[in-house]
Amino acid sequence: MSATTQEEDEVPANHTGPKGVINDWRRFKLDSVDQTVPQNKRELLRQMSSPRDDDKERLNRKMSVQEYELIQDEDERCLKRYRKQCMQEMHERLSFGPTFESVHELESGEAFLEVIEKEHRLTLVVVHIYQHGVKGCEELNSCLDCLAAEYPSVKFCRIDAVATGAAERFSSEVLPTLLVYKAGELLGNFLAVTKHFNEEFFATDVEAFLNEYGLLPEKEFEACAADEDEGGEVE
């Protein structure tokens, strides 16, 4: 065995480059495939993702027409999940923190304290304290749903004022309230926050308000996310 061949065999599964991307995709497909896929396709996926010694020579080459057609024939949603996973992994490597993408409902005061005290030290936590029937609360919840998707590194949460265990401190006069924390430290405390907005406000207004105080990170992978939504083809 030549030094070059031995070196290729010892390259870890998650190495970069065209061959690494193809092999990662092969393994992802194998993990995602269900039992409705014909046996011959499952066997091909197994060979593509985890070759035995007698498979290596066959797989140590460019992707074959058969493999390409198999990938093209599989559910498009699997490809989108793979792309999303790659984006999330890249984001975590760059930011050294987790991602969220949705608003978390906190059910109790204990959960409220836990998310403040135990969340990753680099994670920005935005908590909306609301109450049903209070003007502006429902609209702000909708705005935060949008922002959570655009700022996946920020942990957006909401909690009913009654569930905090300190409802007397959060009367309807101070709601909706936005609290912003990082590493357990309170960075922003905005009571009756909708007084800063027009009668009708949108996610962009809340975003601009938080940006005025430097409380949102720069958007990351915005172009990639837009391409994902549009269902653009992957080259």
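The values are calculated or read from the model by the stated rules, or taken from the named source; none is laboratory data. Source: prediction; values computed, not measured. FYI the Cβ positions are ideal-geometry reconstructions off the backbone, even for glycines, and counts take in every protein chain you see. Remember, those area values only see protein heavy atoms, side chains included, never the ligands or the DNA or RNA. Shrake-Rupley method; radii C 1.70, N 1.55, O 1.52, S 1.80 Å.
Observations on the structure shown:
- Test: residue in segment 141-152 that is among the aromatic types (F, W, Y), out of contact with any His (no Cβ under 8 Å at 6 or more places or on another chain), closer than 21 Å to L124 by Cα and assigned to a loop (DSSP other than H, G, I, E, B): yes
- When segment 97-114 is filtered for residues that are part of a helix (DSSP H, G or I) and either touching a strand residue (DSSP E or B) at 6+ places or on another chain (Cβ under 6 Å) or open to solvent by 40 Å² or more (accessible area, probe 1.4 Å) (or both), the ones remaining, listed by number, are E110, F112, L113, E114.
- Just one of the numbered conditions (1) under 20 Å from H104 (Cα atoms); (2) crowded, with 20+ Cβ neighbours inside 10 Å is not true of T194: (1).
- A Cβ distance below 8 Å, combined with a sequence gap of six or more or placement on separate chains, defines the contacts here; from segment 187-204, residues that are in the same structural domain as K135 (by the TED database) reach residues that are exposed (fewer than 11 other Cβ atoms within 10 Å of the Cβ) in the pairs A192/E173.
- Residue match in segment 161-179 (condition: more than 26 Å from G109 (Cβ to Cβ) and either in a loop (DSSP other than H, G, I, E, B) or at pLDDT below 95 (or both)): no
- For segment 123-135, the set of residues classified as open to solvent by 30 Å² or more (accessible area, probe 1.4 Å) and touching a residue at least 40 places away in the same chain (Cβ under 8 Å) consists of Q131, K135, listed by residue number.
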